[in-house]
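A.B. asks: After the structure tokens below, expect a handful of questions from me.
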Amino acid sequence: MSNLTNYHSHCLYCDGRANMEDFIRFAISEGFSSYGISSHAPLPFSTAWTMEWDRMDDYLAEFSRLKKKYAGQIELAIGLEIDYLNEDSHPGLLRFQNLPLDYRIGSVHMLYSLEGKVVDIDTSADTYRQLIDTHFGGDIEHVVRLYYKNLFRMVELGGLDVVGHADKMHYNASCYRPGLLDEAWYDAIVRSYFTEIARHGYIVEINTKSYRDLGTFYPNERYFSFLKDLGIRVQVNSDAHYPERINNSRHEALAALKKAGFKTVVEWHEGEWEDMLIIL
């Protein structure tokens, strides 16, 4: 199968479960043409899942070593997945822009609660329910609107190349309130959000991480045709934390994109993003 690429993966520099070289060697063994490492960028505070600033030089140096070692076998790119948290922590900061990266993924994983506490909402559906009840008074509409408000602001501030798991909250929110995705206000927010992404020209990843277990992509497949109509360029990423998962559900995502009218996906070749034909 062609289109064997992946640009969203996490190694031991953040919450991945293998070292950078293991991911690259596995990608080569699977026949990948290009591959990108995108560890979680540092936040203003320590977490169990993000890189620390004092490891950044090592991260970049290790990638440089591996790029030279495997030159001729696979094209490699180095990135970061950078969270929008607030006005002082987002992909557009000069501190991130000045790093010698090939690309930057912009994502939202956390929100500020009603009491001003940072809450990680990228969780299982059961944990999500508890967090919404405990920290947001069970007001799911407020949480969803806040989530998209942050995404809109991230897009406006810029500094990213790829929008990561663009509507990841949709699964947990719809578990919390079945039918929410069909409510007019929700659909209007999502369509406005994708329209803004298109206006800025960002790539949207089709994140396949949860497809096998939950049966959904991020963004939701119901919006693939809308993305196509907006002229948004897309790429398929697995958000892998284990080397053996770098190719998870790629075929299903490519087939869904083709069904929605897409003819190409974005891949990294010869040091730049290129539109490549979908070949199934």
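Rule-based calculations on the coordinates, nothing more; no lab input. Nothing here was measured: the structure is a model prediction, and the numbers come from that model. Neighbour counts run over all protein chains shown; Cβ positions are idealised from the backbone, glycine included.
A.B. asks: Quick one: LYS168, LYS67, fewest Cβ neighbours within 10 Å first, how do they rank? Each step should come with its number before you reach the end.
C.D. replies: Numbers: LYS168 24, LYS67 15.
By the 10 Å Cβ count, ascending: LYS67, LYS168.
A.B. asks: Then there's this: Based on DSSP, what percent of beta bridges with both residues in the chain are antiparallel, to the nearest 5?
C.D. replies: Roughly 30 percent of the beta bridges in the chain run antiparallel, per DSSP.
A.B. asks: In whole Hz and in residue order, list the ³J(HN,Hα) couplings for the stretch 18-27 that follow from phi through the Karplus curve 6.51 cos²θ - 1.76 cosθ + 1.60, θ = phi - 60°; x for Gly and Pro.
C.D. replies: Ordered by residue, 3J(HN,Hα) equals 8, 6, 4, 5, 4, 5, 5, 4, 5, 4 Hz.
A.B. asks: Let me ask something else about it. Taking the chain as a Gaussian network, where each spring joins two C-alpha atoms under 10 Å apart, which residue of HIS142, HIS90, HIS170 fluctuates the most?
C.D. replies: Ranking HIS142, HIS90, HIS170 by mean-square fluctuation puts HIS142 first.
A.B. asks: Pick from LEU76, LEU257, LEU146: which residue has the top mean-square fluctuation in a GNM of the chain where Cα pairs under 10 Å get a spring?
C.D. replies: Checking each option, the largest mean-square fluctuation is seen for LEU146.
A.B. asks: Related question: Can you return the lysines within cross-link range of LYS117? Criterion is Cα-Cα under 19 Å, with same-chain partners fewer than 8 residues away left out.
C.D. replies: Output for LYS117: LYS149.
A.B. asks: Moving on to the next point. Want the number for ASP133 to ALA255: 0.36 nm per residue separation, take away the alpha-carbon distance, what's left?
C.D. replies: Difference between extended and current length: 40.1 nm.
A.B. asks: Moving to a separate point now. Between SER29 and LYS68, take the C-beta separation as r, use R0 = 25 Å, and let me know the FRET efficiency to the nearest 0.05.
C.D. replies: That gives a FRET efficiency of 0.80.
A.B. asks: Compute, for the stretch 69-168, the length of the dipole vector about the Cα centre, with Cβ point charges of +1 (Lys, Arg) and -1 (Asp, Glu) only. Units Debye, rounded to 20.
C.D. replies: For this selection, approximately 180 debye.
A.B. asks: From the alpha carbon gyration tensor of the stretch 5-277, can you work out the equivalent ellipsoid semi-axes (sqrt of 5 times each eigenvalue) and give them in Å, largest to smallest?
C.D. replies: The equivalent ellipsoid of the stretch 5-277 has semi-axes of 28, 22, 17 Å.
A.B. asks: With all pairs of different alpha carbon atoms counted, what Kirkwood hydrodynamic radius in Å does the stretch 42-130 show?
C.D. replies: Values: mean 1/r = 0.0658 Å⁻¹.
About 15.2 Å for the stretch 42-130.
A.B. asks: Follow-up. Compute a Gaussian network model of the chain, connecting alpha carbons closer than 10 Å, and tell me which residue from ASP182, ASP88, ASP213 fluctuates the most.
C.D. replies: Result for the chain, Cα springs under 10 Å: ASP213 fluctuates most.
A.B. asks: Please compute the contact order of the chain in relative form: average sequence separation of alpha-carbon pairs under 8 Å and at least six residues apart, divided by the residue count, as a percent.
C.D. replies: On the way: 496 pairs, mean separation 55.9, N = 280.
Result for the chain is 20 percent.
A.B. asks: Sticking with this structure for a sec: Rounded, prolate or oblate: which fits the stretch 1-53, taking a ≥ b ≥ c as square roots of the Cα gyration tensor eigenvalues, rounded meaning a/c under 1.5, else prolate when a/b beats b/c?
C.D. replies: Judged from the Cα gyration tensor, the stretch 1-53 comes out prolate (a/c at least 1.5, a/b above b/c).
A.B. asks: Given the rule -39500 (n - 2.57) for each run of at least 4 DSSP H residues, summed and divided by the residues of the chain, what is its mean residue ellipticity at 222 nm, to the nearest 500 deg cm²/dmol? Walk me through the intermediate numbers first.
C.D. replies: Working: 10 runs with 103 residues, N = 280.
One gets -11000 deg cm²/dmol as the mean residue ellipticity at 222 nm.
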